[in-house]
């Protein structure tokens, strides 16, 4: 401590000069419109440069993961094409005709809140609108909440208000997936009746109900199964296929027939959307 005091005493003139220089610069910027404008423009450019460099660095170190996602998606597309060509009646191609896809990059993503949201760099000018589904190479991601001309905010699967209709692939039983606000890798599947036999490792897929998500999109794998004595439904913990802490790109999915389905259901049975 004594050394520090000695250092400050020896260089007291320099530090006094430096303090006065900073004070003069502040007074100059504070009391002159031109200098103030130039200073803040320069500082904004500097901050933007730092953020751009930071984002570029993160993307560079994520290249391996991104390449793995692209390879995985290409393999899935090749498999889907082969199956579509093999199916009689081209049922697989008919499914593709029902949806439009828009690729987007994630520019902001929260995972530590009870209600998490994701921002992507596509918006109204790219054909996005509220209600569209968002998926990744690995599985379901969320749903578009709001859009501007160039950006969109998605309600993440990691949002306690978001529910996804899904199906237990092995048995064909339907249920609802919802996050409980705790572990960002796990969600709960509800409303699977007790006569069903869910098992750890079972695959959970989107059901295609409500025309938001296409059917058959991966949600996750059953991790834990429990059933209380008097309960009507299982308590099922599902490990998400997508790790939201490593989310880089998404595809926004628009059903070409959703408005028609919504209109017919509302007119016929009054289903609120």
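The values are calculated or read from the model by the stated rules, or taken from the named source; none is laboratory data. What you see is a predicted model; the values in this text were computed from it and never measured. Don't worry about glycine lacking a Cβ; one is built from the backbone with ideal geometry, like all the others, and counts go over all protein chains shown.
Checking each residue in the stretch 197-212 for being part of a loop (DSSP other than H, G, I, E, B) and buried (at least 16 other Cβ atoms within 10 Å of the Cβ) picks out 198, 202, 207, 208, 212.
Here residue 250 fits the description: under 29 Å from residue 265 (Cβ atoms) and modelled with pLDDT under 95. Can you find a residue that is under 30 Å from residue 123 (Cα atoms), assigned to a loop (DSSP other than H, G, I, E, B), within 21 Å of the chain's Cα centre (by Cα) and without any contact (Cβ under 8 Å) to a residue 24 or more places away in the chain anywhere in the stretch 216-238? Yes, because at least one residue in the stretch 216-238 is under 30 Å from residue 123 (Cα atoms), assigned to a loop (DSSP other than H, G, I, E, B), within 21 Å of the chain's Cα centre (by Cα) and without any contact (Cβ under 8 Å) to a residue 24 or more places away in the chain.
Scanning the stretch 163-183 for residues that are free of Cβ contacts under 8 Å to residues at least 40 places away in the same chain, under 22 Å from the mean Cα position of the chain (by Cα) and not in a loop (DSSP other than H, G, I, E, B) turns up 163, 176, 178.
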